[in-house]
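Asker: Attaching a single structure in structure tokens format; questions to follow.
The values are calculated or read from the model by the stated rules, or taken from the named source; none is laboratory data. Please read all numbers here as calculations on a predicted model, not as lab measurements. Methodologically, a virtual Cβ is constructed for each residue, glycine included, from the backbone with ideal geometry; neighbour enumeration extends over all protein chains shown. Accessible surface areas use protein heavy atoms only, side chains included; no ligands, DNA or RNA. Shrake-Rupley method; radii C 1.70, N 1.55, O 1.52, S 1.80 Å.
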Amino acid sequence: MFSERLKELRKAKGVSQEELSEVLDVSRQSISKYENGMAQPDFNKLAIIAKFFDVSFDYLLGEDENAAADKIVLKEKGNRISIISKIDGKMSSYYKFQLAKVFGKKDYHPATQLLGVDSHSFWGDNLNSLGWYATNEDAQKEIEAIYSAIAKGETSYKLKYDVPVKKRGIFDYEMDR
């Protein structure tokens, strides 16, 4: 799984094997072996790879069960998409998305919230709430549609699978069906 992820990330960022070998201070042949599953980097090289591509160790090693939901779109200028939040109405340009499941869910609660990352600082990712979803599957479909739009070069996206909600108390939300 690591070999596939490394190759996928390298190509998505538009980096050659030679360029990545310079970042890791290894030969180009070592990168080729990593990508073909014939060799594995040591822990230090793995840490450099994770930082360079801005992904987790779990994602790199294929241990992330929600890899589709946590796909990383690199911070290149062309890999951002503008979305208007259905929660607060603010628009921003996002490059990464993740899901936040609702804990203690009741029948009237949405199941998941979609979060978008528009910047990163010393303190971590700047997460913005974008929309609520009746099911985790709907949220997964939304993320796939967003990444498909990015891949097609679209610059904006309108949420399609979200569900409207209304406040029910101070910290409680109810799906508005």
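Asker: Among the residues of the stretch 111-130, is there at least one that is over 16 Å from residue 84 (Cα atoms) and in contact with a helix residue (DSSP H, G or I) (Cβ under 9 Å, 6 or more places away or on another chain)?
Answerer: Yes - at least one qualifying residue is present in the stretch 111-130.
Yes/no matrix, rows are residues, columns are (1) over 28 Å from residue 11 (Cβ atoms); (2) in contact with a Lys or Arg (Cβ under 6 Å, 6 or more places away or on another chain); (3) among the aromatic types (Phe, Trp, Tyr):
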{"residue": "80", "(1), (2), (3)": "no, no, no"}
{"residue": "83", "(1), (2), (3)": "no, no, no"}
{"residue": "92", "(1), (2), (3)": "no, no, no"}
{"residue": "97", "(1), (2), (3)": "no, no, yes"}
{"residue": "176", "(1), (2), (3)": "yes, yes, no"}
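Asker: Among the residues of the stretch 120-177, how many are assigned to a loop (DSSP other than H, G, I, E, B) and not aromatic (Phe, Trp, Tyr)?
Answerer: Of the residues in the stretch 120-177, the ones assigned to a loop (DSSP other than H, G, I, E, B) are 122-123, 134-135, 152-155, 158-164, 168-172, 176-177.
After this cut, where a residue has to be not aromatic (Phe, Trp, Tyr) as well, the list is 134-135, 152-155, 158-160, 162-164, 168-170, 172, 176-177.
Residues that pass the stated criteria total 18.
Asker: Now a separate question. I'd like the residue in the stretch 135-177 that is open to solvent by less than 30 Å² (accessible area, probe 1.4 Å) and in contact with a Pro (Cβ under 7 Å, 6 or more places away or on another chain) and, out of all such residues, is farthest from residue 86 (Cα to Cα).
Answerer: Filtering the stretch 135-177 down to residues open to solvent by less than 30 Å² (accessible area, probe 1.4 Å) leaves 139, 142-143, 145-147, 149-150, 157, 159, 163, 175.
If we keep only those that are in contact with a Pro (Cβ under 7 Å, 6 or more places away or on another chain) as well, we get 163, 175.
Values: 163: 9, 175: 13 Å.
Residue satisfying both the conditions and the ranking: 175.
Asker: Tell me which residues, restricted to the stretch 94-119, are surrounded by 15 or more Cβ atoms within 10 Å (Cβ to Cβ), outside any loop (DSSP other than H, G, I, E, B) and small (Gly, Ala, Ser). Step through it out loud before you land on a result.
Answerer: Initially, the stretch 94-119 is screened for residues surrounded by 15 or more Cβ atoms within 10 Å (Cβ to Cβ), giving 94-99, 102, 109-118.
Keeping just the survivors that are outside any loop (DSSP other than H, G, I, E, B) gives 94, 96-99, 112-118.
The answer is 116, and nothing else.
Asker: I would also like to ask the following. Output the number of the condition that residue 86 fails; it satisfies all remaining conditions of (1) open to solvent by 80 Å² or more (accessible area, probe 1.4 Å); (2) modelled with pLDDT of 90 or more; (3) of a type outside the set (A, V, I, L, M, F, W, C); (4) assigned to a strand (DSSP E or B).
Answerer: (4)
Asker: Among the listed residues 63, 137, 76, 144, identify the single one that is within 11 Å of the chain's Cα centre (by Cα) and either within 18 Å of residue 8 (Cβ to Cβ) or modelled with pLDDT of 90 or more (or both). Before you say what the answer is, go through the steps one by one.
Answerer: Working: 63 fails: within 11 Å of the chain's Cα centre (by Cα); 137 fails: within 11 Å of the chain's Cα centre (by Cα); 76 fails: within 11 Å of the chain's Cα centre (by Cα).
From the options 63, 137, 76, 144, the qualifying one is 144.
Asker: Being assigned to a helix (DSSP H, G or I), surrounded by fewer than 14 Cβ atoms within 10 Å (Cβ to Cβ) and at pLDDT below 90 is the filter here, so list the residues in the stretch 15-47 that pass it.
Answerer: 43, 44, 47
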